[in-house]
Amino acid sequence: MAENHPEHPSATAFLLIVLSFISTLTAVESNPFSRNLSPSSLGLKKPEKLSHLHFYFHDVVTGKNVTAVRVAKAPTMTKSSPFGAVAVMDDPLTISPDIGSKLKGNIMGATLAFWGGIRYFPPERDAGDRWQWPLTSQTEDSLLMAYNFAFIEGKYNGSNLSVLGRSPVFSAVREMPLIGESGVFRFARGYAEAKTHTFDLKTGNAVTEYNVY
């Protein structure tokens, strides 16, 4: 039986390689890493509008319904300075300073301690394990705040605003940037201003007023 052998096997192999390369390029071009989009394709046809959100968050560190707890501490932490402590929180956001007023959402996140100017010691706990506000500076009373405003009411239900910033706790007003948004706040940008409304020296519980722009 006669057998057919390619006259130029190397040329055939080269042709297959070229065709494979072209196919790969076509696939890459159809799914690029980066491409330009029309703003209207993402629902950005409307002009920007400015909004102002106003609410209060309740930081409860003692009592039956605690909303903020310390979860870690560094070797640097002492009774006189909570530098290096970490706390997590799930604080309710309400329409007024009254914790029983209409709930708008929750503030969920963590705070990291840099220095220990605020020294709160709940009387019902042992001195070696007293909850302290976490601070993030060795030279001033300052917190690193990393949390989400998670809204659960009205048109903002399911939407979030993310905050990451420094909070010098003894300043009358602390300004922190918004670093992320979702839901109705998608593509938004802005900042949050925090102001202490009340702070109970006996319990350590606090109410903070927020204005978000």
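The values are calculated or read from the model by the stated rules, or taken from the named source; none is laboratory data. Every value quoted in this text rests on a predicted model; they were computed, and no experiment measured them. Methodologically, a virtual Cβ is constructed for each residue, glycine included, from the backbone with ideal geometry; neighbour enumeration extends over all protein chains shown. Note: areas computed on protein heavy atoms with side chains; ligands, DNA, RNA excluded. Shrake-Rupley method; radii C 1.70, N 1.55, O 1.52, S 1.80 Å.
Observations on the model:
- Residues of the stretch 157-175 satisfying the condition of being over 15 Å from Phe55 (Cβ atoms) and not small (Gly, Ala, Ser): Leu164, Arg166, Pro168, Val169, Phe170, Val173, Arg174, Glu175
- Single condition Lys64 does not satisfy, out of (1) among the basic types (Lys, Arg); (2) in contact (Cβ under 8 Å) with a residue 40 or more places away in the chain; (3) in a loop (DSSP other than H, G, I, E, B): (2)
- Filter pass, Ala192 being assigned to a loop (DSSP other than H, G, I, E, B) and of a type in the set (A, V, I, L, M): no
- So Pro75, is it part of a loop (DSSP other than H, G, I, E, B), open to solvent by 80 Å² or more (accessible area, probe 1.4 Å), at pLDDT 70 or above and under 30 Å from Tyr156 (Cβ atoms): no
- Residues of the stretch 166-192 satisfying the condition of being closer than 22 Å to Val61 by Cα and surrounded by 13 or more Cβ atoms within 10 Å (Cβ to Cβ): Arg166, Ser167, Pro168, Val169, Ser171, Arg174
- Condition met for Ala68 (at pLDDT 70 or above, closer than 26 Å to Gly165 by Cα, in contact with an Asp or Glu (Cβ under 9 Å, 6 or more places away or on another chain) and small (Gly, Ala, Ser)): yes
- Number of residues in the stretch 87-103 that are surrounded by fewer than 18 Cβ atoms within 10 Å (Cβ to Cβ) and in contact with a Pro (Cβ under 8 Å, 6 or more places away or on another chain): the value is 2.
- Phe149 vs. criteria in contact with a strand residue (DSSP E or B) (Cβ under 8 Å, 6 or more places away or on another chain), at pLDDT 85 or above, outside any helix (DSSP H, G or I) and on the phi > 0 side of the Ramachandran plot: no
- Lys45 open to solvent by 90 Å² or more (accessible area, probe 1.4 Å) and modelled with pLDDT of 85 or more: no
- Residues satisfying the stated conditions in the stretch 193-206, i.e. touching a residue at least 60 places away in the same chain (Cβ under 8 Å) and open to solvent by less than 20 Å² (accessible area, probe 1.4 Å): Gly204, Ala206
- You will find that of Ser20, Ser40, Ser81, Ser10, the residue that is modelled with pLDDT of 65 or more, among the small types (Gly, Ala, Ser) and in a loop (DSSP other than H, G, I, E, B) is Ser81 and no other.
- Residues being touching a Lys or Arg at 6+ places or on another chain (Cβ under 6 Å) and in a loop (DSSP other than H, G, I, E, B) - total across the stretch 160-178: 1
- Only one of Arg130, Arg119 that is at pLDDT below 90, among the basic types (Lys, Arg) and surrounded by fewer than 17 Cβ atoms within 10 Å (Cβ to Cβ): Arg119
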